[in-house]
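Encoded as structure tokens, the structure appears first; notes follow it.
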Amino acid sequence: MLWQKKSLNGLCVSHLNIFHLINKTHEVSTLLDKPNKLTHIIVLSETRLLNDVDDNLLFIQNYSSPFRRDMGGHPKHRGLAFYVHDS
């Protein structure tokens, strides 16, 4: 996983090339669980999710349900998702 974090005027945005989100939601949650280093928006690439994966399986505490663009039937599209902090 490749983790990049940028902060602009107090807004912190992060990107992570996750390569299969479904089995790494707990790892992402652990990365984000830093009270003094809040990430407002996290963008995940290469989620490799299919349309039938329920958002409840992708739950991360204190973050919105993920906004997703799944692989669908497009073999070259690997999937994107982003979460927004509740604050």
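The values are calculated or read from the model by the stated rules, or taken from the named source; none is laboratory data. On a predicted model such as this, the values are computed, not experimentally measured, just so you know. Here the Cβ is made from the backbone with ideal geometry for all residues, glycine too, and neighbour counts use every protein chain on show. The accessibility values were calculated without ligands, DNA or RNA, using every heavy atom of the protein model including side chains. Shrake-Rupley method; radii C 1.70, N 1.55, O 1.52, S 1.80 Å.
For this structure, a couple of remarks:
- Here ARG68 fulfils each of the conditions (1) in contact (Cβ under 8 Å) with a residue 40 or more places away in the chain; (2) assigned to a strand (DSSP E or B) apart from (1).
- Near pairs, Cβ below 9 angstrom, 6+ apart or cross-chain, from segment 7-30 (closer than 19 Å to GLN61 by Cα) to any residue that is aromatic (Phe, Trp, Tyr) and surrounded by 11 or more Cβ atoms within 10 Å (Cβ to Cβ): SER14/TRP3; HIS15/TRP3; LEU16/TRP3; THR25/PHE59; VAL28/TYR83; SER29/PHE59; SER29/TYR63
- Of residues in segment 8-39 being part of a strand (DSSP E or B) and over 20 Å from ARG78 (Cα atoms), the one least open to solvent (accessible area, probe 1.4 Å): CYS12
- Counting only residues that are closer than 17 Å to VAL28 by Cβ and in a loop (DSSP other than H, G, I, E, B), segment 71-87 holds 3 of them.
- Within segment 8-35, being touching a Lys or Arg at 6+ places or on another chain (Cβ under 6 Å) and over 14 Å from TYR83 (Cβ atoms) holds for one residue alone: HIS20.
- Residues of segment 63-76 satisfying the condition of being within 13 Å of the chain's Cα centre (by Cα) and either farther than 18 Å from PHE19 by Cβ or surrounded by fewer than 17 Cβ atoms within 10 Å (Cβ to Cβ) (or both): TYR63, SER64, SER65, PHE67, ARG69
- You will find that of ILE60, ILE42, the residue that is under 27 Å from LEU8 (Cβ atoms), open to solvent by less than 80 Å² (accessible area, probe 1.4 Å), among the aliphatic types (A, V, I, L, M) and part of a loop (DSSP other than H, G, I, E, B) is ILE60 and no other.
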